[in-house]
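Working notes for the structure below.
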Amino acid sequence: MTVPTKQKAVVFETNGGPLEYKEIPVPKPAPNEILIHVRYSGVCHTDLHAWKGDWPLPTKLPLVGGHEGAGEVVALGENVKGWKIGDLAGIKWLNGSCMACEFCQNTNESNCAEADLSGYTHDGSFQEYATADAVQAAHIPKGTDLAQVSPILCAGITVYKALKTANLKAGQWVAISGAGGGLGSLAVQYAKAMGYRVLGIDGGKEKGEFVKSLGAESYIDFTVSKDIVKDVQAATEGGPHGAINVSVSEKAISQSVQFLRPTGTSVLVGLPAHAKVESSVFDAVVKSVSIKGSYVGNRADTAEAIDFFSRGLIKCNIKIVGLSELAKVYELMEQGKIIGRYVVDTSK
Ligand code: 8ID
Ligand code: ZN
Ligand code: ZN
């Protein structure tokens, strides 16, 4: 296999600055890394946050974003074990961690103080060839459709882990807030596959039809509802046992704590800039609700989330465009116009 020395990528020099589609050198894998020929990459709302720089965590600059990359292994660093040339590999948000601290010891690598993040602190998948830590890169089964699987590498893993964090039993209700988006549309399907009853919340009729086609029993349109809390509680016979917050809305997150059923769990996933979650202490105590954060997933969550996909239980609703059109995808995402996920083809 010949690896070129130059490739196409989307790069920005400053947060919020121009997104340049241009030629850059192909990176060389470090001793612990594999080099992946990225064929497709999903575009996550996190990539938009990274470009804007609206989180209290600085990005590397200049930066190649992207952390839902799927492709083939084309080179191996000298210390790499467990991979061979030609294997299918995935680039995910957590690129690497110290593997020694108390969090890493307990498989909570994403909580490591030295976590290295693809498309944030490490150049990511919006390029034709990208390096990834051999320990953290996702193993993708042979024969998998690389465009279809790409959104699983962040969105799928994240919502699967968030649903586990909600600690629900089969037959219980879960509300997915932001159900029509990239994470939400997968959350609806994982929740169904795990045996839960799903209520989706998002904006507009088209997203409602989409969310119901994925298996949600009920849909609340936040642009129409006059009282979201009351409507959600009525549709779920007293409030959902769990809520997964994948919207980028501070208000929606606080509402989720209010509409929860007593003893329920609200899981925080979406990361609107500068947001706070608000809850009445009295209600939280008397209803005994839990509010938990959930941050991507570990290697076992990754393998399990891919396995649900491989067994045909999860379908990604994708629209494929060329990498050169990334700026347009960010525009649509900002306007909340994306249904499901956009995936970029790195060859165009
Ligand atoms: O590990 C994590 N915690 C993690 C991993 C991956 C992504 C967190 N995220 C974060 C992203 O950074 C982003 O803040 O999750 C959030 C959602 O990412 P996404 O699914 O990639 O975004 P999207 O496709 O734009 O979907 C967002 C949906 O929320 C809806 C929108 O209409 C859209 O469909 N929404 C909004 I904005 N306001 C809403 C509201 N008030 C709402 N839905 C219901 N109620
Ligand atoms: Zn992501
Ligand atoms: Zn660590």
Which residues, taken from segment 272-298, are within 16 Å of ligand 1 (Cβ to nearest atom) and either on the phi > 0 side of the Ramachandran plot or part of a strand (DSSP E or B) (or both)?
H274, I291, K292, G293, V296
Just checking, does segment 65-87 include any residue being in contact with a helix residue (DSSP H, G or I) (Cβ under 7 Å, 6 or more places away or on another chain), in a loop (DSSP other than H, G, I, E, B) and polar (S, T, N, Q)?
no
Just checking, which of V329, V343 is closer than 12 Å to V149 by Cα and either crowded, with 19+ Cβ neighbours inside 10 Å or within 16 Å of ligand 2 (Cβ to nearest atom) (or both)?
V343
Starting from residues that are part of a loop (DSSP other than H, G, I, E, B) and small (G, A, S), keep the ones in segment 104-158 and report whichever is farthest from ligand 2 (Cβ to nearest atom).
G143
Matching option when the condition is of a type in the set (G, A, S), buried (at least 18 other Cβ atoms within 10 Å of the Cβ) and in contact (Cβ under 8 Å) with a residue 12 or more places away in the chain, among A75, A30
A75
Name every residue in segment 335-348 that is of a type outside the set (K, R), more than 16 Å from K207 (Cβ to Cβ) and not in a strand (DSSP E or B), in order of residue number.
T346, S347
Under 6 Å between Cβ atoms, which residue pairs at least 6 apart in sequence (or on different chains) link something in segment 192-219 that is in contact (Cβ under 8 Å) with a residue 12 or more places away in the chain and aromatic (F, W, Y) with a partner that is surrounded by fewer than 22 Cβ atoms within 10 Å (Cβ to Cβ) and not in a loop (DSSP other than H, G, I, E, B)?
Y219/G208; Y219/K212
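Within the group G90, G96, G124, G119, which residue is farther than 18 Å from P151 by Cβ, crowded, with 17+ Cβ neighbours inside 10 Å and touching a His at 6+ places or on another chain (Cβ under 9 Å)?
G96
No value in this document is a laboratory result; all are computed from the given coordinates. Given the structure is predicted, the values throughout are model-derived calculations rather than measurements. When we count neighbours, we look across all protein chains shown, and the Cβ atoms used for this are built from the backbone with ideal geometry, even at glycine.
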